[in-house]
Amino acid sequence: MDGGVQERGKRAGTENVSAIVGLGKEIELAIGGMEERNKRIILLRDTTINQILNRIPYVKLNGNRHKRLPGNANFSFVFVEGESLLLILDMNGGVASSGSACTSGSLNPSHVLFSIGFRTWVSTWIVKIGV
């Protein structure tokens, strides 16, 4: 696209100053409450991890217990078919997935879990925690 005189011929259009200012304010607000929100989400995540590990047999937490994103808990289950578990969770208000969006439709085990040492096929699901 050819630019206008106000842009020294480099690009067309004029900057949307009000949108730029609005974005700056939104970033300021998001960053301002981020630490407090993350503390709350980490507490929810850690509680969820503890409850699942203490109450459900044949379950393994995938990855490091503490070095993970605030709203993520990833588990593997032995003897459980993933889709059945997802249906039960969904019917009871749970939010989970049996893999990442980029591997939806694939029947292969997770390449990520394989790369961190998982060599057996187990059902895996990801709990998304937070708002």
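The values are calculated or read from the model by the stated rules, or taken from the named source; none is laboratory data. On a predicted model such as this, the values are computed, not experimentally measured, just so you know. Reconstructed Cβ throughout: ideal geometry from the backbone, glycine too, with neighbour counts over all protein chains shown. Just so you know, the surface numbers come from the protein's heavy atoms only, side chains and all, with ligands and any DNA or RNA stripped out. Shrake-Rupley method; radii C 1.70, N 1.55, O 1.52, S 1.80 Å.
Take residue 98 and decide whether it is free of Cβ contacts under 8 Å to residues at least 12 places away in the same chain and open to solvent by less than 60 Å² (accessible area, probe 1.4 Å). For residue 98, the condition - free of Cβ contacts under 8 Å to residues at least 12 places away in the same chain and open to solvent by less than 60 Å² (accessible area, probe 1.4 Å) - is not met.
Residues in segment 90-131 that are over 17 Å from residue 62 (Cβ atoms) and at pLDDT 75 or above: 90, 91, 92, 93, 94, 95.
Yes/no per residue for (1) closer than 19 Å to residue 95 by Cβ; (2) open to solvent by 90 Å² or more (accessible area, probe 1.4 Å); (3) at pLDDT below 95; (4) part of a helix (DSSP H, G or I):
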| residue | (1), (2), (3), (4) |
| --- | --- |
| 6 | no, yes, yes, yes |
| 10 | no, yes, yes, no |
| 13 | no, no, yes, no |
| 29 | no, yes, yes, yes |
| 32 | no, no, yes, yes |
| 52 | yes, no, yes, yes |
| 64 | no, no, yes, no |
| 76 | yes, no, yes, no |
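If the requirement is being in a helix (DSSP H, G or I), of a type in the set (A, V, I, L, M, F, W, C) and modelled with pLDDT of 80 or more, which of these qualifies: 69, 44?
Numbers: 69 fails: in a helix (DSSP H, G or I).
So the residue among 69, 44 that is in a helix (DSSP H, G or I), of a type in the set (A, V, I, L, M, F, W, C) and modelled with pLDDT of 80 or more is 44.
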